[in-house]
Each structure stands twice: as structure tokens, then as C-alpha cells.
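What follows is a single structure, written as C-alpha cells, with notes after it.
The values are calculated or read from the model by the stated rules, or taken from the named source; none is laboratory data. Because the structure is predicted, anything quoted here is derived from the model rather than measured. Cβ coordinates were reconstructed from backbone atoms using ideal geometry, including for glycine residues, and neighbour counts include every protein chain displayed. To get the accessible areas, we keep the full protein, side chains included, count just its heavy atoms, and leave off ligands, DNA and RNA. Shrake-Rupley method; radii C 1.70, N 1.55, O 1.52, S 1.80 Å.
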Amino acid sequence: MSPNEVGTLLLVEDNLDDILLFRRACEKECIASGLVRVAEDGEEALSYLEGRDRYADRVQYPLPSLMVLDLKLPGKSGVEVLVWIRNDSRCKDLPVIVLTSSNEPGDLTRTRELGIVAYHLKSVDFEGLIEIVKSINSYWKTHPYRL
Amino acid sequence: VRLPRIRRRSDPKAVEEQVKRIEEIAPKQGVPSKEELSDPPQAGTEPPVNQGMPGSESSRRLQPLYEISKLLVAFESVEHTGLAVLAVINQVVPLRSAILLEKRDGRLQLIVWHAQRLERKDIDRATNHAISSYRYLVGAPLSSTEAEPEVIEAGTHLFHVKSHLPTGEAEESPSRFIVVPLVVGREPIVGVLQVEGRDPVNETDLTFLNTSVNQLALALDRHYVHLKEIALREHAEEMVNELNAFSYTVAHDLRAPLRAMSTFSQVLMEDFAGKVLDETGQHYVRRLAEAARRMDNFVLDLLDYTRLTRTEIPIERVDLRVTLSEVLKGMARELVQRKALVTLEEPLPAVLGHRRTLDQVLTNLISNGAKFVASGVAPRLRVRAELHDERVKLWIEDNGIGIAEQHWARIFGVFERLHKETEYPGTGIGLAIARKGMERMGGRIGLESKVGKGSRFWIELPRGGP
């Protein structure tokens with residue numbers, strides 16, 4: 001499958017370290033950096049999906065075919081973003097993978113109810129992150145999705 | 001010494017409200033109607049109660065005492081019930097005024113009053129008078145600006161106080177003030193009832209007043225103990241909520257920098273080892289990463305432990321076979337790394353517990369068994385269940401280094417370690433999590449062990465059906 005068919009991965013993450021490390025892990029796993037877009041908080045993620053402001057440029061910012069979502073975000077939380085997505089007629093089926101540092105049962109239950117592909121606890125070491133990105137990538141390749 | 005200002009119900013609206021409440025109480029609780037209250041029987045006439053009862057003084061007072069105890073059992077609020085009790089007292093001992101003050105938060109506060117043809121200022125003055133009587137009773141010095149009550153007669157719990165309080169009819173008939181302290185057990189006086197009799201008050205009246213007030217005092221005390229319990233429970237709930245919010249923040253914000261330290265150390269190694277980073281430099285970077293990883297494990301374990309104390313653990317039927325195979329799947333990486341072999345022995349029945357908690361308990365016990373082996377020994381673990389009538393005892397047996405009996409109790413404590421971390425890494429919370437988890441599920445945990453001969457940990461839970 002060529003990269004164009006895979007589409008775009010939208011990472012919703014506010015921690016700059018985590019963004020950098022996620023990009024690095026993607027490189028290691030041969031996910032071209034051009035396929036990964038980042039929204040740094042919940043509000044920005046919604047702007048991206050709705051195509052507001054600069055995100056109106058769908059060549060530069062194509063609609064994602066997979067979202068990797070952190071739960072604790074400034075302002076709108078990850079769960080709120082997920083609720084918005086599931087209630088949006090166009091985005092409601094977007095596959096979402098949660099990547100967060102909380103393993104509170106409440107978060108797990110709530111996001112599962114809202115329909116997610118997987119729930120990953122952020123790993124303290126890089127090998128752990130590589131493992132996670134590997135599994136994200138294999139899902140992504142085998143489940144093509146187009147908005 | 002100045003007394004704290006009392007809370008007064010001094011506006012006319014409040015007065016109206018009191019009258020209205022008497023109307024509400026009267027039909028509902030079988031106490032006298034407003035008419036009866038505002039127009040108590042005149043001296044010499046029979047009070048309109050207990051007409052069917054024999055005419056002796058004390059038996060005529062039985063029915064009202066019964067009324068009072070009924071009111072107190074159906075305690076509604078201090079104000080409502082206090083007023084209803086005053087209404088009943090008024091039936092037996094015709095009152096010109098009655099004021100009930102109660103000690104609340106260290107202050108004496110007017111909780112309810114009943115007065116006939118009294119102006120607000122008279123009520124305020126009566127209140128002040130009751131306060132100074134109270135202070136007299138508890139031995140506090142009196143303020144010189146207030147009328148000093150003169151004690152005429154004192155019983156155990158009863159004082160007659162002659163007052164300087166002028167009332168509308170003070171000149172015609174001298175007022176008969178009786179101050180009855182509200183006492184509960186050995187507690188200091190919890191309040192005061194001051195009544196102003198319409199007629200001379202005899203011994204039987206005094207006994208009646210004293211008995212009524214004793215009952216009232218007990219009911220008030222019970223009421224406040226109840227309120228205190230509610231407040232404590234609310235406080236506890238609030239603490240749990242705060243702890244949850246705190247833990248949530250710890251999970252996210254405290255772990256983020258640790259993750260950065262650990263992962264960037266690894267990135268540093270990957271990109272610069274052998275280039276600008278010599279052996280010593282690499283060693284330091286590795287230690288840095290290791291320290292961050294250790295602290296992260298610590299944070300995660302602590303969160304697990306506190307979660308066990310702060311969250312609900314609903315008990316459900318849990319299949320041990322399914323749970324154990326899931327646990328082993330989750331530990332696969334660790335078990336392979338340690339070259340550990342875990343044997344599950346059938347039958348593994350269902351138990352009553354909590355899936356996630358049982359998962360944690362088993363993970364910690366198996367991880368322990370796989371970890372604490374002599375160097376060079378491959379860990380071998382056996383998990384088997386014993387069926388007792390209503391309970392299942394699950395054994396986790398290892399070929400590890402064993403634990404001396406004097407340490408058996410200690411190892412279940414938080415942060416307890418028997419070995420240096422360099423020998424056997426870990427946070428020292430694992431077994432504490434296991435113990436707490438078993439406690440919360442209503443089960444038990446224990447061990448048998450001999451140094452050098454391995455350990456046999458066991459957990460026990462109710463059977464989850466056939």
C-alpha cells in the first residue's frame with residue numbers, strides 16, 4: 001500500500017517531548033514524517049477536523065484516517081474531543097487510538113464506551129513507545145479508512 | 001467577658017412565621033392549636049388535656065409527656081420540634097413566654113421562642129436574661145450591664161430565677177421565671193429553657209418541666225451527633241474526590257517529565273554513543289534513564305495502591321482460569337526475560353471477587369515468585385486451587401529464595417523490602433497492593449515459606465458457583 005493510500009495520522013498531544021518522541025518512533029517504524037500531523041490541544045484538533053482557519057487547506061492538512069489521542073489536554077479534554085467526533089456526521093467513524101499516561105479505570109471505560117481502536121499507556125522507555133507505534137502502524141495499514 | 005452576639009429572630013416576619021408554624025404543627029402532631037397556644041387556660045381552670053384521665057396531678061401530666069416523647073422521636077428540626085414541645089408544655093403549665101436557647105458551636109443561640117403578647121424588644125430582653133442565667137448556671141462571670149438574676153430556689157437541674165424583666169403584665173402579676181438547663185450526661189449544659197409562668201408554679205409543674213426538658217436535651221444531643229456524622233461523611237467524600245483529582249494529576253503530569261528523561265536518555269545513546277559520548281558518558285546516561293524508569297514504576301505502583309483504597313470494588317463472579325491466562329499474557333515479556341515457567345493446574349474454578357483487582361493481586365504474586373530466585377536459578381511457578389466448601393484457596397508456589405518466618409507479616413507492608421534494590425529491583429509496594437486488594441474483595445492472603453526452599457503464597461476468596 002502506498003503512503004498516499006494510508007492517509008494522514010493526526011496526533012493530538014500537548015506535550016512537546018512526547019510529540020518529538022512520537023515523530024522519532026514513527027521514523028524508526030518507517031512512517032513518513034509527511035503523514036503525521038499534530039494538533040496541540042483539543043480545540044485545535046476540532047479546528048483541524050472542521051477545516052477552520054489554516055486547516056481549510058486540505059492539501060497541507062488532509063483529513064486524517066487515524067487519530068492518536070492523548071486524554072489530558074489543556075482546555076478541551078481528550079474525552080470531549082472523542083465525544084465531539086462521535087457526534088459529528090462526517091467524522092463519527094474516524095478510528096481513534098488513545099495514547100495517554102493515565103490508566104484510571106474511569107478513562108478506560110469512558111473511552112471504550114465511545115468506541116476506540118486501542119488504549120495505550122504511555123511507556124516510560126523508548127522501546128515501549130516503539131512497540132506502541134508498531135501496533136498503531138499495523139492497524140493503520142490493515143484498516144484503510146477515508147473520511 | 002462579653003458574650004458572643006446571639007442570632008435573633010427579631011423581624012416581624014419571623015414572628016409571623018412562628019405563629020404559622022404553630023398552625024402547621026398543631027393538626028399534624030397533635031399539639032394544641034393556635035387558639036389554645038395564644039390563649040392558655042386561666043389559673044384555676046382545668047387545662048384542656050387528658051380529660052379522660054383520672055384527675056391526679058401527676059397522671060394528668062403523663063399524656064403531655066407522652067406527646068413530647070412522640071414529637072422527639074419524630075424529630076424534624078430543632079426549631080420545629082422545639083416549638084412543638086413548648087406548645088405541649090404550655091398546655092400543662094400556662095406560659096406567658098418561653099425561650100429555648102441552645103449552645104451551638106460554643107455560642108448560645110436562640111432557637112425557638114413562644115410568647116404571648118410580648119413585643120420584640122421584650123423577647124430580646126428575655127433572651128438576654130436567659131443568656132445571663134445560663135452564664136450563671138455554668139459559672140461564667142456576668143456582665144454588669146445585664147440584669148443579674150437572683151437565684152431564689154435551686155434544685156438539681158432546676159433554678160427559679162426572679163427577673164427584672166418587665167413585661168406587659170409585669171405590674172399586675174409578678175413574673176415567674178424558671179430557668180431549666182438542658183443537660184446531657186456529664187456534658188456541660190447544652191442549652192437553657194427559660195419559661196415565664198403565668199401562674200404560680202408548684203412542685204409538680206417543676207417536675208414536669210424538668211422531665212420534658214431532659215427529654216428535649218437528649219433529643220437535641222442525638223440530633224447533633226447525627227448532624228456531626230453527616231458532616232464527617234461529607235468531609236470523607238470530599239477527601240476522596242480530592243485524592244482522586246490529585247492522583248489523576250500525578251498520573252499525567254508527574255509521569256510526563258520522567259518519560260522525557262528516560263526516553264531522551266535512550267535517544268542520546270542511540271545518536272551519540274561512541275561518537276561524542278564515551279564509555280563513562282554512556283554509563284551515566286544509562287543510570288539517568290534507569291533512575292527515571294524506577295521512579296515511574298514507583299509512581300504507577302503508588303497509584304495502584306491508593307486506587308485500591310479510594311475506589312469502589314464491586315464484587316462479581318470471576319473465572320480464575322480466564323483471569324490467570326490473561327495475567328500471564330500480560331506478563332509475557334517479563335516472564336520470558338526472567339526465563340520463568342508458570343504451570344497452571346486444573347481445576348481453576350470461579351470465585352467471587354473483582355476482575356481488575358484480582359488481576360493486580362495475581363500479577364504481583366507471580367511477578368514476585370519469578371523475581372526472587374537465587375542467581376542462576378530459572379524460576380518455576382505452580383498455580384493450583386484448593387476447593388473448600390464455600391471458599392477457594394489459590395496457591396502460587398515458587399522455587400525462590402524463601403522468606404524467614406519473622407518477616408512474613410512485614411512483607412505485606414507498604415515500602416517494605418527485605419533485600420537491596422540492586423539485588424532484586426522493585427518498589428516494595430507489590431505485596432502491599434496484593435494484601436490491600438484481597439482485603440477490599442473480602443478475601444485473605446498469606447504464605448508458607450522456608451529460607452532456601454521457596455515460598456507458597458495463597459489467596460482465599462468465596463467460591464463463585466459450581
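Among the residues of segment A:18-67, the one identified as of a type in the set (S, T, N, Q), assigned to a loop (DSSP other than H, G, I, E, B) and open to solvent by 10 Å² or more (accessible area, probe 1.4 Å) is A:Gln60. Within segment B:211-222, one or more residues are of a type in the set (Ser, Thr, Tyr) and within 22 Å of B:Ser69 (Cβ to Cβ). Can you confirm whether B:Gly442 is at positive phi, within 38 Å of the chain's Cα centre (by Cα) and open to solvent by less than 30 Å² (accessible area, probe 1.4 Å)? Against the criterion (at positive phi, within 38 Å of the chain's Cα centre (by Cα) and open to solvent by less than 30 Å² (accessible area, probe 1.4 Å)), B:Gly442 does not qualify. B:Ala350: more than 19 Å from B:Lys450 (Cβ to Cβ), in contact (Cβ under 8 Å) with a residue 60 or more places away in the chain, among the hydrophobic types (A, V, I, L, M, F, W, C) and in contact with an Asp or Glu (Cβ under 9 Å, 6 or more places away or on another chain), yes or no? Yes. Within segment A:1-59, the residues that satisfy the criterion of being acidic (Asp, Glu) and either in contact with a helix residue (DSSP H, G or I) (Cβ under 8 Å, 6 or more places away or on another chain) or free of Cβ contacts under 8 Å to residues at least 40 places away in the same chain (or both) are A:Glu13, A:Asp17, A:Asp18, A:Glu27, A:Glu29, A:Glu40, A:Asp41, A:Glu43, A:Glu44, A:Glu50, A:Asp53, A:Asp57.
Restricting B:Glu312, B:Glu326, B:Glu316 to residues that are more than 15 Å from B:Gly437 (Cα to Cα) and charged (D, E, K, R) narrows the list to B:Glu326.
Taking A:Glu27 as the residue in question, decide whether it is farther than 23 Å from A:Lys76 by Cα and at pLDDT 90 or above. In short, yes. If you go through segment B:231-248 and keep only what is aliphatic (A, V, I, L, M) and either more than 13 Å from chain A (Cβ to nearest Cβ) or open to solvent by less than 50 Å² (accessible area, probe 1.4 Å) (or both), you end up with B:Ala231, B:Leu232, B:Ala236, B:Met239, B:Val240.
The set of residues in segment A:73-115 that are without any contact (Cβ under 8 Å) to a residue 40 or more places away in the chain, in contact with a strand residue (DSSP E or B) (Cβ under 9 Å, 6 or more places away or on another chain), within 14 Å of chain B (Cβ to nearest Cβ) and not in a helix (DSSP H, G or I) comprises A:Val98, A:Thr100, A:Ser101, A:Ser102, A:Asn103. Would you please list the contacts, defined by Cβ atoms under 6 Å and residues six or more apart or on different chains, that run from a residue in segment B:259-274 that is within 16 Å of A:Lys122 (Cα to Cα) and open to solvent by less than 20 Å² (accessible area, probe 1.4 Å) to a residue that is in a helix (DSSP H, G or I) and not polar (S, T, N, Q)? Here the result reads B:Ala260/A:Asp17; B:Ser262/B:Ala289; B:Ser262/B:Ala292; B:Ser262/B:Arg293; B:Thr263/A:Leu21; B:Thr263/A:Phe126, each pair linking segment B:259-274 to a residue that is in a helix (DSSP H, G or I) and not polar (S, T, N, Q). What about B:Leu352, is it buried (at least 19 other Cβ atoms within 10 Å of the Cβ) and over 21 Å from B:Glu448 (Cα atoms)? Here the answer is yes, as B:Leu352 does meet what is asked.
Per-residue answers, yes or no, for (1) at pLDDT 65 or above; (2) over 24 Å from B:Leu110 (Cβ atoms):
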residue	(1), (2)
B:Gln42	no, yes
B:Glu46	no, yes
B:Gln51	no, yes
B:Ser59	yes, yes
B:Leu65	yes, yes
B:Val73	yes, yes
B:Val78	yes, no
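Could you check segment A:116-131 and list, in sequence order, the residues that are in contact (Cβ under 8 Å) with a residue 12 or more places away in the chain and within 14 Å of chain B (Cβ to nearest Cβ)? Scanning segment A:116-131 gives A:Tyr119, A:His120, A:Leu121, A:Lys122, A:Phe126, A:Leu129, A:Ile130. Only residues that are in contact (Cβ under 8 Å) with a residue 40 or more places away in the chain and in contact with a Ser or Thr (Cβ under 9 Å, 6 or more places away or on another chain) were counted in segment B:301-329, giving 8.
Quick one: which of B:Ala251, B:Ala217 is within 14 Å of chain A (Cβ to nearest Cβ), surrounded by 18 or more Cβ atoms within 10 Å (Cβ to Cβ) and hydrophobic (A, V, I, L, M, F, W, C)? Spell out the reasoning first.
Details: B:Ala217 fails: within 14 Å of chain A (Cβ to nearest Cβ).
Going through B:Ala251, B:Ala217 in turn, the sole match is B:Ala251.
Taking B:Thr343, is it of a type in the set (S, T, N, Q) and surrounded by 14 or more Cβ atoms within 10 Å (Cβ to Cβ)? Here the answer is no, as B:Thr343 does not meet what is asked.
Within segment B:413-466, which residues are touching a strand residue (DSSP E or B) at 6+ places or on another chain (Cβ under 7 Å) and not in a strand (DSSP E or B)? Talk me through it step by step, then tell me what you get.
Narrowing segment B:413-466 to residues touching a strand residue (DSSP E or B) at 6+ places or on another chain (Cβ under 7 Å): B:434-435, B:438, B:441, B:443-449, B:454-465.
Passing the criteria: B:Ala434, B:Arg435, B:Met438, B:Met441, B:Gly443, B:Gly454, B:Gly464, B:Gly465.
Of all residues in segment B:363-381, those satisfying the criterion of being within 18 Å of B:Val336 (Cβ to Cβ) and open to solvent by less than 10 Å² (accessible area, probe 1.4 Å) are B:Ile366, B:Gly369, B:Ala370, B:Pro379, B:Leu381.
In segment B:390-412, which residues are outside any helix (DSSP H, G or I) and at pLDDT below 85? Full working, then the answer.
Within segment B:390-412, the subset outside any helix (DSSP H, G or I) is B:390-404, B:408-409.
Within segment B:390-412, just B:Ala409 meets the criteria.
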